[in-house]
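**Q** Pasting a structure below so you can have a look.
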Amino acid sequence: MNMEERLALNKYDVDNQAHIRLEDGKCRECSHKACLIICPAECFKLREGTVSFAYEGCLECGSCRVVCNEGGLDWSYPRSGFGVSYEYG
Amino acid sequence: MDDKFDAIIVGAGPAGCTAAYLLAKEGLEVLLVERGNYAGSKNMTGGVLYGPVLSRVFPDFPLNIPLERPISRHVLTFLSASSAVSLDANAAGTEIHNGYSILRAKFDRWFAKQVEDAGGIVATGLLAEDLVMVDNRVTGIVAGGDEMGAEVVIAADGVNSLMAQKAGLGVRLAPHNVNQGVKEVIKLPPEVIEDRFNVAPGEGAAVHYLGIGTEGVHGGGFLYTNKESISVGVVVQLKALMEHNLRAIDLLESFKGHPAVKPLIKSGTTVEYSAHLVPAGGRDMMPRLCTDGMLVAGDAGAMVLATGRALEGINYAMASGMAAAETVKQARQKGDYSRQSLVQYEAMLADSFVFKDLENFRSAAGFLDNPRLYRAYPDLVCGLANKIFEVDGQPKKKVWQVVRGELKGRVSLWQLIKDGLAARKSV
């Protein structure tokens, strides 16, 4: 099961805007880019030397927020009613 | 704002629901705000719920509560790369351990319904975006773009508490004091679960794993039996994932594929994948828990006990919810919601098992950072057991000789003594 299939098991109400935003310059210069391995939904991807974030599969755990010490992350929860909804939990 | 609430509670988890339920029952005007579309929809747990606190809130516990299975078998397993050795506490037919497996989407939803039935207003699908502050005093929240006023706000919005942070009371989260849990819920028929876990119909097992099998990272695995599914997951310190350049999902996959784990979940269907953070730094990461017009409860205040045996949070969350409700009740009688009045909350927690446990196990976090716990010792225990049970046609050695042989190259006698003393002191 790859991550896409895994996340497809969950129920999401996907917003039309991202709840987490990255600051390209800071991410590009970040030496560790720990968000790439720390995100349990693999939302962060390395693209052309910088980091991109796909918010749709986010599990809203906050791991990226804890490991990002470069200030490149503007972290928030999805807006009211959006994001993941666990049916078991 | 003259139509203000007596209390606004942010977050309908165990801490928030406990506080909201008790205050609503007292007749206070209570608003419980939950960002998920239903309570529990943003939550997940390992997880076992233990009875002592919930039974004080609901005296008919465990009746009428959506619990999965009473845990009659507690197992602690040392996991090396290819084998496992378990300590199996089997109390079949009794509920001696007082623990129940739960699924949060059911449990939290039920709890929020109790708040509603007690007269509280529960607003789900509503994100609390900001605090309203007047002269450094919390006077309400902003949610869905609207201001809502209250005498007191209880921030029970979890490990990433934005409310506490906005009031300057946020937990100091850092990679060394936060663990990431990832979990799959795997569907299996009840009879299959009962056969595989050797439990009576309706009863359940909790299995904790020290070591995740392949890597010596700071973390462990778990299996809990639900009614018609198994919760399987790993919990790993963020710092360890960063240092070893590992993804938790890869650890979960290797854990699920371990020869001692694989047969237990075989032919099951994964129906959900979830992730959550656990604040594991205890008192060392705990912020002040009150300010003018606000209290912080549950994970938002880092009220989780990490002892190495388990990560226990729900009980501490509910106990803090009880203390918060009691504090608000008394503040209301005094008509004083200032910090000087609300600080009684911290005193109440200090006097309860919440702070006493967290204080008592304060050095556990340091002890649990010892990499030998996750590789050398599981390997040692498994190696020992294999040697002791092995019959190879050679003259047999006495146990102590086997121990000496297995220690070699893994743990020095000096390390063993040092770790033993640290364990005695810490956990």
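The values are calculated or read from the model by the stated rules, or taken from the named source; none is laboratory data. All values derive from a computational prediction rather than experimental measurement. Using ideal geometry, Cβ is built from the backbone for each residue, glycine included, and neighbour counts are taken over all protein chains shown.
**Q** Within the range A:55-89, can you find the residues that are at pLDDT below 95 and of a type in the set (A, V, I, L, M)?
**A** Correct list: A:Leu73 only.
**Q** Let me ask you something else. Given the conditions (1) at pLDDT 95 or above; (2) away from chain A (no Cβ under 11 Å); (3) closer than 25 Å to A:Phe44 by Cβ, which single one is not true for B:Val234?
**A** So B:Val234 meets the others, but not (2).
**Q** What residue, of B:Ala310, B:Ala347, is under 23 Å from B:His276 (Cα atoms) and of a type in the set (Gly, Ala, Ser)? Spell out how you get there, then give the answer.
**A** Working: B:Ala347 fails: under 23 Å from B:His276 (Cα atoms).
Result: B:Ala310 is the single residue among B:Ala310, B:Ala347 that is under 23 Å from B:His276 (Cα atoms) and of a type in the set (Gly, Ala, Ser).
**Q** Just for the range A:31-89: of the residues that are touching a residue at least 12 places away in the same chain (Cβ under 8 Å) and among the aromatic types (Phe, Trp, Tyr), which one is surrounded by the fewest Cβ atoms within 10 Å (Cβ to Cβ)?
**A** Filtering the range A:31-89 for residues that are touching a residue at least 12 places away in the same chain (Cβ under 8 Å) and among the aromatic types (Phe, Trp, Tyr), the one surrounded by the fewest Cβ atoms within 10 Å (Cβ to Cβ) comes out as A:Trp75.
**Q** Among the numbered criteria (1) in contact (Cβ under 8 Å) with a residue 12 or more places away in the chain; (2) farther than 25 Å from B:Gly51 by Cα, which one does B:Asp357 miss?
**A** B:Asp357 satisfies all of (1) in contact (Cβ under 8 Å) with a residue 12 or more places away in the chain; (2) farther than 25 Å from B:Gly51 by Cα except (2).
**Q** Follow-up question, since we're still on this one. Of the residues B:Leu87, B:Leu31, only one is on the phi < 0 side of the Ramachandran plot, away from chain A (no Cβ under 14 Å) and either modelled with pLDDT under 95 or in contact with an Asp or Glu (Cβ under 7 Å, 6 or more places away or on another chain) (or both); which?
**A** Criteria check complete, one pass: B:Leu87.
**Q** OK, next. Under the condition of being more than 14 Å from chain A (Cβ to nearest Cβ) and not in a loop (DSSP other than H, G, I, E, B), which residue from the range B:167-198 is surrounded by the most Cβ atoms within 10 Å (Cβ to Cβ)? Even if it seems obvious, please write down each step before you answer.
**A** So the first thing to find is which residues in the range B:167-198 are more than 14 Å from chain A (Cβ to nearest Cβ), and the list is B:167-169, B:189-198.
With not in a loop (DSSP other than H, G, I, E, B) added as a condition, the list becomes B:190-196.
Working: B:Pro190: 15, B:Glu191: 9, B:Val192: 15, B:Ile193: 24, B:Glu194: 19, B:Asp195: 11, B:Arg196: 18.
Looking at residues that are more than 14 Å from chain A (Cβ to nearest Cβ) and not in a loop (DSSP other than H, G, I, E, B), I get B:Ile193.
**Q** Spot the failing condition for B:Phe107; the list is (1) away from chain A (no Cβ under 14 Å); (2) in contact with a Gly (Cβ under 9 Å, 6 or more places away or on another chain), and only one is missed.
**A** For B:Phe107, the failing item is (1).
**Q** Would you mind telling me which numbered condition in (1) under 27 Å from the mean Cα position of the chain (by Cα); (2) at positive phi B:Ser80 fails?
**A** Result: B:Ser80 fails condition (2) only.
**Q** Within the range B:284-294, is even one residue under 21 Å from B:Asn360 (Cβ atoms) and buried (at least 22 other Cβ atoms within 10 Å of the Cβ)?
**A** Yes, the range B:284-294 has at least one match.
**Q** What's the number of the only condition in (1) touching a Ser or Thr at 6+ places or on another chain (Cβ under 9 Å); (2) away from chain A (no Cβ under 13 Å); (3) assigned to a strand (DSSP E or B) that B:Tyr224 fails to meet?
**A** B:Tyr224 satisfies all of (1) touching a Ser or Thr at 6+ places or on another chain (Cβ under 9 Å); (2) away from chain A (no Cβ under 13 Å); (3) assigned to a strand (DSSP E or B) except (2).
**Q** Further, regarding this structure: Tell me the residue from B:Val381, B:Val271 that is touching a residue at least 40 places away in the same chain (Cβ under 8 Å), assigned to a strand (DSSP E or B) and of a type in the set (Val, Ile, Thr), please. If you could, list the steps in order and put the result at the bottom.
**A** Values: B:Val381 fails: assigned to a strand (DSSP E or B).
When all the criteria are applied, what remains is B:Val271.
**Q** A further question follows. When you go through B:Val134, B:Val75 one by one, which is the residue that is of a type in the set (A, V, I, L, M) and in contact (Cβ under 8 Å) with a residue 40 or more places away in the chain? Break it down stepwise before answering.
**A** On the way: B:Val134 fails: in contact (Cβ under 8 Å) with a residue 40 or more places away in the chain.
B:Val75 is the lone residue from the list that is of a type in the set (A, V, I, L, M) and in contact (Cβ under 8 Å) with a residue 40 or more places away in the chain.
**Q** Now for a different question. Report the residue count in the range B:127-154 for those that are within 14 Å of chain A (Cβ to nearest Cβ), within 30 Å of the chain's Cα centre (by Cα) and in a strand (DSSP E or B).
**A** Filtering the range B:127-154 down to residues within 14 Å of chain A (Cβ to nearest Cβ) leaves B:127-130, B:141-146, B:148.
So of that shortlist, the ones also within 30 Å of the chain's Cα centre (by Cα) come out as B:127-130, B:141-144.
Still in the running and in a strand (DSSP E or B): B:128-130, B:141-143.
Residues flagged as within 14 Å of chain A (Cβ to nearest Cβ), within 30 Å of the chain's Cα centre (by Cα) and in a strand (DSSP E or B) within the range B:127-154 amount to 6.
**Q** Moving on to the next point. Only one of B:Leu342, B:Leu373, B:Leu380, B:Leu311 is more than 18 Å from the chain's Cα centre (by Cα), surrounded by 15 or more Cβ atoms within 10 Å (Cβ to Cβ) and closer than 30 Å to B:Tyr100 by Cα. Can you tell me which? Break it down into steps so the answer makes sense when it comes.
**A** Working: B:Leu342 fails: closer than 30 Å to B:Tyr100 by Cα; B:Leu380 fails: closer than 30 Å to B:Tyr100 by Cα; B:Leu311 fails: more than 18 Å from the chain's Cα centre (by Cα).
Matching residue, one of B:Leu342, B:Leu373, B:Leu380, B:Leu311: B:Leu373.
**Q** Looking at the range B:112-126 only, could you name the residues that are within 14 Å of chain A (Cβ to nearest Cβ) and not in a strand (DSSP E or B)?
**A** B:Ala112, B:Thr124, B:Gly125, B:Leu126
**Q** Something else about it: Restricting the first residue to the range B:187-198 and requiring it to be at positive phi, which pairs with a second residue that is crowded, with 18+ Cβ neighbours inside 10 Å meet a Cβ separation below 8 Å and a spacing of at least six or different chains?
**A** Final answer for the pair search is B:Asn198/B:Arg73; B:Asn198/B:Ala205.
**Q** Of the residues that sit in the range B:11-36 and are assigned to a loop (DSSP other than H, G, I, E, B) and over 22 Å from the mean Cα position of the chain (by Cα), which one is surrounded by the fewest Cβ atoms within 10 Å (Cβ to Cβ)?
**A** Residues of the range B:11-36 that are assigned to a loop (DSSP other than H, G, I, E, B), as a first pass: B:11-13, B:26-29, B:34-36.
So of that shortlist, the ones also over 22 Å from the mean Cα position of the chain (by Cα) come out as B:26-29.
On the way: B:Glu26: 16, B:Gly27: 10, B:Leu28: 20, B:Glu29: 17.
Filtering first and then ranking leaves B:Gly27.
**Q** Looking only at the range A:43-89, how many residues end up being among the small types (Gly, Ala, Ser) and within 25 Å of A:Arg28 (Cβ to Cβ)?
**A** Step one: of the range A:43-89, the residues among the small types (Gly, Ala, Ser) are A:49, A:52, A:54, A:57, A:62-63, A:71-72, A:76, A:80-81, A:83, A:85, A:89.
Now narrow it down to the ones that are within 25 Å of A:Arg28 (Cβ to Cβ): A:49, A:52, A:54, A:57, A:62-63, A:71-72, A:76.
Matching residues across the range A:43-89 total 9.
**Q** Same structure, new question: Mind telling me which of the residues B:Pro201, B:Pro263 ends up being away from chain A (no Cβ under 14 Å), more than 28 Å from A:Ala34 (Cα to Cα), in contact (Cβ under 8 Å) with a residue 12 or more places away in the chain and not in a strand (DSSP E or B)? Full working, then the answer.
**A** Working: B:Pro201 fails: in contact (Cβ under 8 Å) with a residue 12 or more places away in the chain.
Being away from chain A (no Cβ under 14 Å), more than 28 Å from A:Ala34 (Cα to Cα), in contact (Cβ under 8 Å) with a residue 12 or more places away in the chain and not in a strand (DSSP E or B) holds for just one of B:Pro201, B:Pro263, which is B:Pro263.
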